[in-house]
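The values are calculated or read from the model by the stated rules, or taken from the named source; none is laboratory data. Every value quoted in this text rests on a predicted model; they were computed, and no experiment measured them. Quick reminder, even Gly has a Cβ in these numbers, built from the backbone with ideal geometry, and neighbours come from all protein chains shown. Each accessible area value is taken on the protein alone, full model and side chains, heavy atoms only, with ligands, DNA and RNA left out. Shrake-Rupley method; radii C 1.70, N 1.55, O 1.52, S 1.80 Å.
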Amino acid sequence: MRATFMYGAGDVRVIDVPDPAVKHPTDAVVRVIRSCICGSDLHPYHNKPVTPEGTSMGHEFLGIVEDTGPEVTTVKPGDLVIAPFAWSDGTCDFCREGLQTSCRHGGFWNAGDVGGGQAEAVRVPLADGTLVPVPGIDENSPLLPSLLTLSDVYGTGHHAAVKGRVSPRTTVTVIGDGAVGLMAVLSAKRLGAEQIILMGRHTDRTDLGREFGATDVVAERGPEGIAKVRDLTGGDGTHVVLEAVGHMPAYEQALGVVRAGGTISRVGVPQYEQAPVGFATLFGPNITLTGGPAPARAYISTLLPDILDGTVNPGKVFDQQISLEQTPAGYQAMDNRSALKVLIRP
């Protein structure tokens with residue numbers, strides 16, 4: 001089969017690899033029908049060391065179950081399934097607590113002998129705990145892009161809002177107008193926030209943010225951006241800041257716009273070793289710092305009904321569709337910001 005591998009910074013190739021097969025009784029093999037490129041995939045695209053063997057890519061996909069091991073009971077061949085970006089058993093104490101990203105027996109795609117979703121098929125370990133079947137949806141449904149967001153980006157935006165304790169009583173700033181930031185806007189709106197300030201400077205993206213529920217857009221950065229947010233909030237800043245970028249300037253922006261007693265929820269993968277957390281930044285004004293990788297599997301049942309009934313359309317974050325063979329060009333498009341989020345149709 002064909003699969004995407006990265007061999008170093010900027011070096012993405014689609015190559016031939018062996019077809020996946022059931023190895024363990026709890027495995028399933030899934031034929032991928034939709035996958036995508038994540039903003040977090042751009043981090044290795046910028047700085048991955050050269051490796052002769054390469055690394056498989058992709059952690060978000062929908063597919064059709066092709067085969068299952070003898071112990072798999074919750075999915076069967078022919079089922080259309082959502083695969084969250086971490087695989088998990090669904091039975092350990094962390095999974096029962098809704099933290100599947102810390103599953104005692106789970107893991108992440110593209111590690112060890114588990115491949116990635118930017119491919120024609122994937123072997124899914126612990127299929128019962130990982131895969132979510134969606135009955136009544138076929139592989140030509142117009143809902144597929146929105147369903148795909150449940151594998152990561154919508155769940156991540158929702159996680160940011162949940163960890164930030166967004167409610168109708170909170171004001172919210174979202175930092176970042178990428179796909180995760182836009183999903184954080186949608187999630188904050190869904191949880192009832194009435195003032196949602198989106199910090200971003202790409203008009204096509206911030207326009208979509210307004211559609212998703214942003215009440216204000218601040219294009220300025222640094223001190224100017226901080227001052228603008230405080231102007232919009234009577235000088236106080238917002239109760240909640242959802243940081244969806246992962247770079248130090250975004251974290252510093254979050255510190256500048258959070259209200260005393262407020263919460264910074266980070267879901268942008270941090271690209272720095274240490275954050276300036278100390279008395280002057282967090283302790284004195286009683287600011288809470290939270291966030292982390294989203295247990296997307298825990299949120300699918302909560303978010304799925306609104307997609308199925310048309311209440312929300314998170315699939316609008318996909319503004320370019322390509323074939324699997326075009327995946328290297330998809331990385332380039334996201335890197336040069338000519339695409340917000342690229343959907344792949346193997």
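Taking the stated definitions as given, is G209 closer than 29 Å to I33 by Cβ and in contact with a helix residue (DSSP H, G or I) (Cβ under 7 Å, 6 or more places away or on another chain)? Can you show your working first?
Values: closer than 29 Å to I33 by Cβ: yes; in contact with a helix residue (DSSP H, G or I) (Cβ under 7 Å, 6 or more places away or on another chain): yes.
Yes; evaluated as a whole, the condition is true for this residue.
Test D309 against the criterion of being modelled with pLDDT of 95 or more, within 17 Å of the chain's Cα centre (by Cα), of a type outside the set (G, A, S) and open to solvent by 10 Å² or more (accessible area, probe 1.4 Å), and give yes or no.
no
Is it the case that G225 is on the phi > 0 side of the Ramachandran plot and of a type in the set (G, A, S)? Write out each step before concluding.
Numbers: on the phi > 0 side of the Ramachandran plot: no; of a type in the set (G, A, S): yes.
When the stated conditions are applied, G225 does not pass them.
Hey, any hits in region 111-120 for a residue that's without any contact (Cβ under 8 Å) to a residue 24 or more places away in the chain and out of contact with any Leu (no Cβ under 6 Å at 6 or more places or on another chain)?
Residues of region 111-120 that are without any contact (Cβ under 8 Å) to a residue 24 or more places away in the chain, as a first pass: 111-112.
Next, only the ones that are out of contact with any Leu (no Cβ under 6 Å at 6 or more places or on another chain) stay: 111-112.
Checked region 111-120: at least one residue is without any contact (Cβ under 8 Å) to a residue 24 or more places away in the chain and out of contact with any Leu (no Cβ under 6 Å at 6 or more places or on another chain).
Under 6 Å by Cβ, and 6 or more places apart or on different chains, what pairs join a residue from region 177-193 that is farther than 11 Å from P314 by Cα with one that is open to solvent by 10 Å² or more (accessible area, probe 1.4 Å) and of a type in the set (D, E, K, R)?
D177/R205
Tell me which residues, restricted to region 227-258, are open to solvent by 60 Å² or more (accessible area, probe 1.4 Å) and of a type in the set (D, E).
D231, D236, E252
Among the strands (runs of 3 or more DSSP E) contained in region 70-178, which hold 1 or more residues that are within 20 Å of L191 (Cα to Cα)? Working first, answer last.
Working: elements: 80-83, 121-124, 171-175.
The strands (runs of 3 or more DSSP E) meeting that bar are 171-175.
Any chance region 331-346 includes a residue that's more than 18 Å from M57 (Cα to Cα), surrounded by 17 or more Cβ atoms within 10 Å (Cβ to Cβ) and of a type in the set (G, A, S)? Steps first, answer last, please.
Keep residues of region 331-346 that are more than 18 Å from M57 (Cα to Cα), which gives 336-340.
Keeping just the survivors that are surrounded by 17 or more Cβ atoms within 10 Å (Cβ to Cβ) gives 339-340.
Filter again for of a type in the set (G, A, S), leaving 339.
Looking through region 331-346, at least one residue is more than 18 Å from M57 (Cα to Cα), surrounded by 17 or more Cβ atoms within 10 Å (Cβ to Cβ) and of a type in the set (G, A, S).
Need the failing condition index for E71 against (1) surrounded by 17 or more Cβ atoms within 10 Å (Cβ to Cβ); (2) in contact with a Ser or Thr (Cβ under 8 Å, 6 or more places away or on another chain); (3) not basic (K, R), just the number.
(1)
Residues to consider are G58, G10; find the one that is among the small types (G, A, S), surrounded by fewer than 21 Cβ atoms within 10 Å (Cβ to Cβ) and under 26 Å from G181 (Cβ atoms).
Details: G58 fails: surrounded by fewer than 21 Cβ atoms within 10 Å (Cβ to Cβ).
Residue meeting the stated conditions: G10.
Among the residues of region 292-299, is there at least one that is over 16 Å from the mean Cα position of the chain (by Cα) and either open to solvent by less than 30 Å² (accessible area, probe 1.4 Å) or touching a residue at least 40 places away in the same chain (Cβ under 8 Å) (or both)? Show your work before the answer.
First, pick out the residues of region 292-299 that are over 16 Å from the mean Cα position of the chain (by Cα): none.
No, because not a single residue in region 292-299 is over 16 Å from the mean Cα position of the chain (by Cα) and either open to solvent by less than 30 Å² (accessible area, probe 1.4 Å) or touching a residue at least 40 places away in the same chain (Cβ under 8 Å) (or both).
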